[in-house]
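Below is one structure, written out as structure tokens; the observations come after it.
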Amino acid sequence: MTTHHPVPPKLPALHPDIRLLGGVDEAMLKKFLDDCEGLAGDGPVVLELSTTGGEADTARRLAQDIRMLAQTREVFFLGKSYVYSAGITLLAAVPPTHRFLTRDTVLLIHERRFQRTLELSGALRSVIAVTQDLLAELEIGEAIERRGFDRFVEGSNLTGQALTDRVLQKDWYMTADEALSLKLVAGLVG
């Protein structure tokens, strides 16, 4: 009996339909939404990204819009040169079979960052409430991070736990060749 192994899709064109460059922020989200409105036809969409990272929650929103677009169009991701931090959330919005990187691309995967100055003052009950709210925010952030890591590694040779263990030790600067060998992407171009 012969087992049929599906052939992963090839990147349809090197000319992207949507080009995102710079920080992941509301301006990038707006550009993505504007570009989506201008998409013609019903064929595949190639989304190109180069980013040094940005706002984690904006990245989650943008990734959700990419997944929604993929419900009606075939979406391919092309990472060029650098896809750092919040950019990994966007990369994870498409399955590994639809992810491509230029050969020089470096991915940066790290723990979610948090910065807040906290001043506690007042009645103990109110101070406890403030600290409990902060703890709840940190816990939901950690849960979101775990889900994001799981989505990023789904269908690859890497587990979410292995990824978490690695980035708890230090930030992971992953080369395009490494990403390909782990089956996090379908291929390299350029």
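Structure above, values below:
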quantity	calculated
Diffusion constant of the chain at 20 °C, which comes from Stokes-Einstein with the Kirkwood Cα-pair radius and 1.002 mPa s, µm²/s	120
Gaussian network model of the chain, springs between alpha carbon atoms under 10 Å - residue of A93, A27, A136 with greatest fluctuation	A136
Listed peptides 146-155, 78-87 by packing density, highest first (mean Cβ within 10 Å)	78-87, 146-155
Spatially near lysine pairs across the chain, Cα under 21 Å, sequence gap of 8 or more or different chains	5
Candidates T52, T105, T131: whichever shows maximal mean-square fluctuation once the chain is modelled as a Gaussian network with Cα springs under 10 Å	T131
Net charge over other residues, Cβ less than 15 angstrom from the Cβ of S181 (K, R count +1; D, E count -1)	+2
Kyte-Doolittle mean at least -0.5, axial Cα span of 15 Å or more - DSSP H helices of the chain	26-37, 56-69, 124-153
Within a Gaussian network of the chain (alpha carbon springs, distance under 10 Å), most fluctuating of F76, F100, F32	F32
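Values in this text are rule-based calculations from the coordinates and carry no lab data. It should be emphasised that the depicted structure is a prediction, and the values quoted were computed from it without experimental measurement. We place every Cβ from the backbone using ideal geometry, glycine too, and count neighbours over all the protein chains shown.
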